[in-house]
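Structure record follows, encoded as structure tokens.
The values are calculated or read from the model by the stated rules, or taken from the named source; none is laboratory data. Keep in mind that what you see is a predicted model, and the values were worked out from it rather than measured. All Cβ positions, glycine included, derive from the backbone under ideal geometry; neighbour counts span all protein chains shown.
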Amino acid sequence: MIRIAICDDNREELDYVSGLVKDILSEQKINCTVELFTSADELLADTERIDIGILDIVIGEGMQNGIDLGCKLKEKYPDISLIYTTSYEKYVMKAINDVHAYSYLCKPIDGKKMRQQILELIGRSQDRMLEKEFYHVIDSNNREYALITLNLNDILYFEYLKRQKKVAIVLQRETYEYDCTFGSVVEEFLKYDFAVNCRGMMVNLRHILKMKGYTAFLDNGMELPIAQKRMEDFRKTLNEFLQKNS
């Protein structure tokens, strides 16, 4: 789950910003964790990963304490995305240059601008979270890789190759094989909107264009079977996915 940290030593400003963010998440039905901090030390003492940080440039007595905080957060969490809020535009370029902040918002904060930036960063964070590493992989040309990283959106389906005791990862233009049990694949990827359509096969629900009879039609023209005994559960899972993403 994406975790957002908001830090401002002005409680009124902190509550206002967090209210904006929570309204955006509620409106878009996005499930994120939002944590509030009133000091740099309090935030740095936190040990959980942070995906998005919304920081006031002026925290505590130091006029640029928020910039220092951003640098330290980047050291702890290299993939963190930072938005700065400020009443002091003269510090904005320093935040962008020193911390490589994603953006800044001048106070009083415009709700529409906050909405645009939050949704963009959540989309980026979700894409990063959908990247998975696979070890000891062979591609369709028999080239071996100690490690590859794939975005789950690009995977059409997994298929267990019983004779080889491997799992095939089928993409649009490439197929990889790696050592794994099918049970392990199911356990790991069910939560990422994959579903078992028949014995030894697990399809990415994002790529299903339609269902007809006991066949799932993918958006690239491929057709995959759906086992009769799985049809009811599979249809229910697909409908829930479509409702969630409508």
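Here are some notes:
- Residues that are under 26 Å from the mean Cα position of the chain (by Cα) and in the same structural domain as Asn142 (by TED's automatic domain parsing) do occur in the stretch 212-219.
- Some residue of the stretch 178-187 being in contact with a helix residue (DSSP H, G or I) (Cβ under 6 Å, 6 or more places away or on another chain), buried (at least 17 other Cβ atoms within 10 Å of the Cβ), aliphatic (A, V, I, L, M) and within 28 Å of Gln228 (Cβ to Cβ): no
- Residues (at pLDDT 95 or above and either assigned to a strand (DSSP E or B) or surrounded by 22 or more Cβ atoms within 10 Å (Cβ to Cβ) (or both)) located in the stretch 1-15: Ile4, Ala5, Ile6, Cys7
- Exactly one residue out of Leu150, Leu209 is out of contact with any Ser or Thr (no Cβ under 6 Å at 6 or more places or on another chain), modelled with pLDDT under 95 and within 19 Å of Leu242 (Cβ to Cβ): that is Leu209.
- Residue match in the stretch 115-127 (condition: outside the structural domain of Asp219 (by TED's automatic domain parsing), under 26 Å from the mean Cα position of the chain (by Cα), of a type in the set (Ser, Thr, Tyr) and modelled with pLDDT under 80): yes
One line per residue, one yes/no per condition, for (1) touching a residue at least 12 places away in the same chain (Cβ under 8 Å); (2) at negative phi:
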| site | (1), (2) |
| --- | --- |
| Phe189 | yes, yes |
| Asp193 | yes, no |
| Arg199 | yes, yes |
| Asn204 | yes, yes |
| Ile226 | yes, yes |
| Glu240 | no, yes |
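- The set of residues in the stretch 218-232 being outside any loop (DSSP other than H, G, I, E, B) and surrounded by fewer than 13 Cβ atoms within 10 Å (Cβ to Cβ) consists of Glu223, Gln228, Lys229, Glu232.
Per-residue answers, yes or no, for (1) in contact with a Lys or Arg (Cβ under 8 Å, 6 or more places away or on another chain); (2) under 16 Å from Leu130 (Cα atoms):
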| site | (1), (2) |
| --- | --- |
| Ala146 | no, no |
| Leu156 | no, yes |
| Arg163 | no, no |
| Glu174 | no, no |
| Asp179 | yes, no |
| His207 | no, yes |
| Asp219 | no, no |
| Lys236 | no, no |
| Asn239 | no, no |
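- Inter-residue pairs, beta-carbon under 9 Å, first within 15 Å of Glu89 (Cα to Cα) and outside the structural domain of Tyr88 (by TED's automatic domain parsing) and in the stretch 58-74, second modelled with pLDDT of 90 or more and among the hydroxyl-bearing types (Ser, Thr, Tyr), 6+ apart: none
- Taking the stretch 124-176 as the range and being closer than 20 Å to Met222 by Cβ and part of a loop (DSSP other than H, G, I, E, B) as the test, the residues that pass are Asp139, Ser140, Gln172, Arg173, Glu174.
So that you can scan it fast, the table gives a plain yes or no per residue for (1) of a type in the set (Lys, Arg); (2) modelled with pLDDT of 95 or more; (3) not in a loop (DSSP other than H, G, I, E, B):
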site	(1), (2), (3)
Val21	no, yes, yes
Ile30	no, no, no
Leu36	no, yes, yes
Asp41	no, no, yes
Leu44	no, no, yes
Ile50	no, no, no
Ile54	no, yes, yes
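- Tally, over the stretch 146-174, of residues that are loosely packed, with under 14 Cβ neighbours inside 10 Å and in contact with a strand residue (DSSP E or B) (Cβ under 6 Å, 6 or more places away or on another chain): 4
- Of all residues making up the stretch 30-56, the number that are free of Cβ contacts under 8 Å to residues at least 24 places away in the same chain and under 20 Å from the mean Cα position of the chain (by Cα): 1
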